Amino acid sequence: MVPLDAIKEQCKMAKDFPDKKFKIPGLLIIDTPGHESFSNLRSRGSSLCDMAILVVDLMHGLEPQTIESLNMLRARKTPFVVALNKVDRLYDWKGNRNKDIVDVLKAQSRNTRLEFEERTKEVVVQFAEQGLNAALFHENVDQRTFISLVPTSALSGDGMGNLISLIVSLTQDMMAKRISFSEELQATVLEVKAIPGLGTTIDVILVNGRLREGDTMVLAGHEGPFTTPIRSLLMPQPLKELRVKNPYQEYKEVQGAQGVKIAAKDLDKAIAGLQVWVAKQPDEVDVLKEEVAKALKEVMSGFKLAERGVYVQASTLGSLEALLEFLRVSKIPYSGIRIGPVVKKDVMKASIMLEHDNQYAVILAFDVKVERDAQELADSLGVKIFQADIIYHLFDKFTAYREELKQRKREEFKSVAVFPCRLRILPQFVFNSRDPIVVGVSVEAGVVREGTPLCVPSKEFLEIGTVTTIEINHKPIDSARKGQEVCIKIEPSSGDAPKMYGRHFDHTDFLVSKITRQSIDACKDYFRDDLVKTDWQLMV
């Protein structure tokens, strides 16, 4: 929470700020992650706020996440201003956080001003491409039609006073009704965390209404809705973040809008990302539990599960949504999801994939602990559990495991997977006609590899043996593709009578791979990337 005194101090350099009459008690600022996978958290943040600050990098303009956030704000009709950030990256920039940003810009060298104007015009054009008008805040004569761009530097503090001054002006002058306090409770759990001396607590954004010590909260939990009385209401010192470890002040009652840390019993079961309900009377508890269960069911039913896929677990609703979005983009299917620590029942659910596709007999545990008995059960059943606090690390672990599994399978099915080929015998290069047959061939189509069984389609698919070696210029190779001329040795298959070149077949006959249904399946499952489109056409 940014109190009024701090706002006045921060904004005193803004030219029109000292004349303002204040109608707001302060500003509650919610920071949302910028990573592309956390679109759900940005969405939730944009729905909670009365006004948004859209941060645009002056050096790069509107990036994909910026446009995504922009569309969210437009969809919710949330007013916003733009912090045109990183002005300190302009060549030869001379900053002064204690001056109005307009004066700071005027004091820059001609080249610096020209670069700023050029880059600002590019951003204005990009907003126009999104169907929005934008202008520098001090040149904006119509705040309802044009978006205000405030040049800032988060590093040096340049323009921050102007940014906050503009927000105060807009909220007081244009949003008085919207920001009026309401007694109806509107609160959301942002985070669940353990604090030494306090136990497990929840960080809550209280938008409207009041919370009192002793109130009976109804929350969404890992095992369903549960109730718990508020033991303590804690708030950080002014200008301190709620999520950062700082001394807290304890209150008997708090009212919106505030960020508040709540200590209570059983909060380790709570799910972040959902609403806080308070039962005023005992008979309201069951009704509110139904509301909570319904809300959780609606959220979880929004995820489309695959028949075959990994089992996903996360610590919060937000992190679960972020991971699932990342998996969707990465084309990794998921067949089960849950919020909370990994327990034995999760391992049992994940083990179902052992019967269908063992590469998916995996639990991806994002920012959650794994119970010891669950790990022991997973080890005994052959279920893999990967833990990480960063999405990319989890993804890397799983893809490395899947690649290792694939290589093992490739080795296992190497003799089964027969690649398609069509060979033309070169009659001038027949070195041995029988047991083994050694001939020169031209690869007309497909791929010939060591271990490829060959037959003669023009002789009712007569089997002549298996390719045991391939040479080109007297050097052994593993395989040859279309267009290459190589020498191959063909040895008779076990139990078959040796075939003879010149008697059973000759150079007028093509040689092709003998392919079974099992070979096709093995190629599809484990060697798909080794074959090009024309190879698959030849196989059919």
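Please state which one of Leu296, Leu327, Leu323, Leu288 is more than 21 Å from Gly221 (Cβ to Cβ) and in a helix (DSSP H, G or I).
Leu327
Please work out if Glu290 is among the charged types (D, E, K, R), at pLDDT below 95 and crowded, with 21+ Cβ neighbours inside 10 Å.
Considered against the rule, which asks whether it is among the charged types (D, E, K, R), at pLDDT below 95 and crowded, with 21+ Cβ neighbours inside 10 Å, Glu290 comes out as no.
Here's the yes/no breakdown for (1) in contact (Cβ under 8 Å) with a residue 40 or more places away in the chain; (2) closer than 27 Å to Ile332 by Cβ:
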position	(1), (2)
Lys384	no, yes
Ile391	yes, yes
Asp396	no, yes
Glu404	no, yes
Ala417	yes, yes
Pro420	yes, no
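Which of the following residues is surrounded by 13 or more Cβ atoms within 10 Å (Cβ to Cβ), in the same structural domain as Ala154 (by the TED database), farther than 26 Å from Gly131 by Cβ and modelled with pLDDT under 75: Leu48, Leu28, Leu41, Leu90?
Just one listed residue meets the conditions, Leu28.
This table checks each residue for (1) surrounded by 17 or more Cβ atoms within 10 Å (Cβ to Cβ); (2) touching a Lys or Arg at 6+ places or on another chain (Cβ under 9 Å); (3) not in a strand (DSSP E or B).
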site: Thr66; (1), (2), (3): yes, no, yes
site: Ala83; (1), (2), (3): yes, no, no
site: Gly95; (1), (2), (3): yes, no, yes
site: Arg113; (1), (2), (3): no, yes, yes
site: Glu122; (1), (2), (3): no, no, yes
site: Leu149; (1), (2), (3): yes, no, no
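Got a sec? Which of Gln143, Gln126 is part of a loop (DSSP other than H, G, I, E, B) and farther than 28 Å from Leu206 by Cβ?
Of Gln143, Gln126, the one residue that is part of a loop (DSSP other than H, G, I, E, B) and farther than 28 Å from Leu206 by Cβ is Gln143.
Looking only at region 192-203, which residues are assigned to a strand (DSSP E or B) and surrounded by fewer than 19 Cβ atoms within 10 Å (Cβ to Cβ)?
Lys193, Ala194, Ile195, Gly199, Thr200
One residue is enough: does region 502-517 have a residue meeting the conditions modelled with pLDDT under 85 and of a type in the set (Gly, Ala, Ser)?
Within region 502-517 (the criterion being modelled with pLDDT under 85 and of a type in the set (Gly, Ala, Ser)), the answer is no, since none of the residues qualifies.
Which of the residues that make up region 303-320 are polar (S, T, N, Q) and assigned to a loop (DSSP other than H, G, I, E, B)?
Ser315, Thr316
Test Ala400 against the stated conditions and say whether it is crowded, with 19+ Cβ neighbours inside 10 Å, in a helix (DSSP H, G or I) and modelled with pLDDT of 90 or more.
No, not satisfied.
In the set Pro427, Pro476, which member is over 21 Å from Asp509 (Cα atoms), of a type outside the set (D, E, K, R), part of a strand (DSSP E or B) and not assigned by the TED database to the domain that holds Ile363?
The match here is Pro476.
Specify the residue that is surrounded by the most Cβ atoms within 10 Å (Cβ to Cβ); the eligible residues are those in region 167-190 that are outside any loop (DSSP other than H, G, I, E, B) and either modelled with pLDDT under 75 or aromatic (Phe, Trp, Tyr) (or both).
The selected residue is Met174.
Considering only residues that are more than 15 Å from the chain's Cα centre (by Cα) and surrounded by fewer than 18 Cβ atoms within 10 Å (Cβ to Cβ), which ones fall in region 300-335?
Met300, Ser301, Gly302, Lys304, Leu305, Ala306, Glu307, Arg308
Could we say that Phe527 is surrounded by 15 or more Cβ atoms within 10 Å (Cβ to Cβ), out of contact with any strand residue (DSSP E or B) (no Cβ under 8 Å at 6 or more places or on another chain) and in contact (Cβ under 8 Å) with a residue 24 or more places away in the chain here?
Taking the combined requirement at face value, the residue satisfies it.
Given the residues Gly340, Gly336, Gly318, which is the only one that is touching a strand residue (DSSP E or B) at 6+ places or on another chain (Cβ under 9 Å) and on the phi > 0 side of the Ramachandran plot?
After ruling out the rest, the residue left standing is Gly340.
Can you tell me which of Ser458, Ser433 is part of a strand (DSSP E or B), over 22 Å from Glu411 (Cβ atoms), modelled with pLDDT under 95 and among the hydroxyl-bearing types (Ser, Thr, Tyr)?
The match here is Ser433.
Any chance region 136-146 includes a residue that's closer than 30 Å to Ala293 by Cα, more than 34 Å from the chain's Cα centre (by Cα) and among the aromatic types (Phe, Trp, Tyr)?
No, there is no match, as no residue in region 136-146 is closer than 30 Å to Ala293 by Cα, more than 34 Å from the chain's Cα centre (by Cα) and among the aromatic types (Phe, Trp, Tyr).
So that you can scan it fast, the table gives a plain yes or no per residue for (1) of a type in the set (Gly, Ala, Ser); (2) outside any strand (DSSP E or B):
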site: Leu423; (1), (2): no, no
site: Val441; (1), (2): no, no
site: Ala445; (1), (2): yes, no
site: Ile488; (1), (2): no, no
site: Pro498; (1), (2): no, yes
site: Ile520; (1), (2): no, yes
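Could you check, for region 319-326, whether at least one of its residues is assigned by the TED database to the domain that holds Phe226, touching a residue at least 60 places away in the same chain (Cβ under 8 Å) and under 17 Å from Val189 (Cβ atoms)?
no
The values are calculated or read from the model by the stated rules, or taken from the named source; none is laboratory data. Since the model is a prediction, treat every value here as computed from it, not as a measurement. Reconstructed Cβ throughout: ideal geometry from the backbone, glycine too, with neighbour counts over all protein chains shown.
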